[in-house]
Amino acid sequence: MRTRLLTVLLVFGLALSGLVAAQTSGPRILVLGDSLSAAYNMPAEAGWVALLADRLGAGAEVVNAAISGETTAGARARLPQALDIHAPDIVVIALGGNDGLRGVPLSELRDNLEAMITMARDSGARVVLAGVRLPSNYGSAFIERFRNVYEEVARETGVAYVPKILAGVAEQPSLMQDDGIHPNTRAQARILDNIWQALGPMVSGSTTG
């Protein structure tokens with residue numbers, strides 16, 4: 001009787017271990033972002049980060065560390081603790097719009113992006129960098145210099161890169177909220193598709209960052 005009980009407990013233990021392994025079989029992804037990733041003015045479950053979690057399924061873990069109004073400096077300060085707590089396999093950095101709107105020097109923007117990439121990599125995570133664009137009223141020369149920061153950082157660090165997080169969205173008024181700055185719920189699937197171009201191959205293990 002005792003032998004049978006031990007056998008049952010052993011089988012149950014192995015089954016439980018297999019279940020835990022299955023539940024944690026997918027990647028752990030940390031998203032650093034601002035209002036574009038924080039589901040601004042909509043239910044959290046409608047945002048692209050939540051849709052990413054749905055796409056990856058129960059085996060993955062997606063942590064949305066995006067905060068509306070966040071800057072690269074703020075995220076840089078928060079990142080070490082976030083890495084310690086969540087130990088992500090992949091870090092998505094989708095930041096910088098608020099830096100541009102606040103007139104943060106481009107050298108500071110670049111330094112913050114590079115520092116976050118280095119911190120994420122030093123923790124063992126791979127990185128996806130998503131570029132953002134400024135409104136047209138900031139002038140074509142500054143907008144181009146702002147865009148070049150992302151292009152140069154991506155090229156020099158070799159991270160997986162999404163040139164424009166709102167590609168196919170910002171140009172469509174029907175996909176934007178009334179303020180003309182933030183995407184609405186209908187745009188979230190398109191934003192996810194933009195991110196997925198870089199993230200998808202990484203999740204499958206065919207891309208390093």
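The values are calculated or read from the model by the stated rules, or taken from the named source; none is laboratory data. The model shown is predicted, which means the values in this text are computed figures rather than measured ones. Please note: Cβ atoms are built from the backbone with ideal geometry, for glycine as well, and neighbour counts cover all protein chains shown. Remember, those area values only see protein heavy atoms, side chains included, never the ligands or the DNA or RNA. Shrake-Rupley method; radii C 1.70, N 1.55, O 1.52, S 1.80 Å.
List every DSSP H helix in the chain whose Cα atoms extend 27 Å or more along the helix's own long axis and whose mean Kyte-Doolittle hydropathy is at least 1.0. Membrane-span-like by this criterion, though nothing is claimed about a membrane: 2-23. Note on Glu45: accessible area approximately 130 square angstrom, rounded to 10, probe 1.4 Å, nucleic acids and ligands left out. Can you give me the % of accessible surface on the chain that is carbon or sulfur? Probe 1.4 Å, all protein chains present, nothing else counted. Within the chain, the accessible surface is 55 percent carbon and sulfur. Other residues with beta-carbon under 15 Å from the beta-carbon of Tyr161 carry, at +1 per Lys or Arg and -1 per Asp or Glu, a net charge of +3. Note on His86: accessible area approximately 50 square angstrom, rounded to 10, probe 1.4 Å, nucleic acids and ligands left out. Proximity of backbone amide H atoms, modeled 1.01 Å from N, is registered between Ala160 and Val127, Leu129 at under 5 Å, excluding neighbours fewer than 5 places apart on the same chain.
Tell me, Kirkwood radius of segment 48-170 from alpha-carbon pair distances, in Å? Intermediate values should be presented prior to the final figure.
Working: mean 1/r = 0.0662 Å⁻¹.
The Cα-based Kirkwood calculation yields 15.1 Å.
Can you give the calculated 222 nm mean residue ellipticity of the chain, where each DSSP H run of n ≥ 4 adds -39,500 (n - 2.57) and the sum is split over every residue, rounded to the nearest 500 deg cm²/dmol?
Estimated from H runs of four or more residues: -16000 deg cm²/dmol.
Taking all protein chains together and rolling a 1.4 Å probe, Asp89 ends up with roughly 60 Å² accessible.
With a 1.4 Å probe rolled over the protein heavy atoms of all chains, the accessible area of Tyr161, Tyr138, Tyr150 falls in the order Tyr138, Tyr161, Tyr150, largest first. For segment 114-162, the relative contact order is 47 percent, taking Cα pairs closer than 8 Å that sit 6 or more residues apart in sequence and dividing their mean separation by the residue count. Between the amide H of Glu61 and those of Arg28, Ile29, distances stay under 5 Å, these residues lying 5 or more places away or on another chain, with hydrogens modeled in the peptide plane. In the chain, the C-alpha radius of gyration followed by the widest Cα-Cα span (Dmax) gives 19.8, 82 angstrom.
For segment 105-209, the convex hull spanned by the alpha carbon atoms encloses 109 Å³ per residue. Per residue, the average separation of C-alpha pairs within less than 8 Å and at least 6 apart gives the chain a relative contact order of 19 percent.
In the context of the full set of protein chains, segment 84-153 has a per residue accessible area of 43 Å² (1.4 Å probe).
With all protein chains in place and ligands, DNA and RNA left out, the 1.4 Å accessible area ranks Trp196, Trp48 as Trp196, Trp48, largest first.
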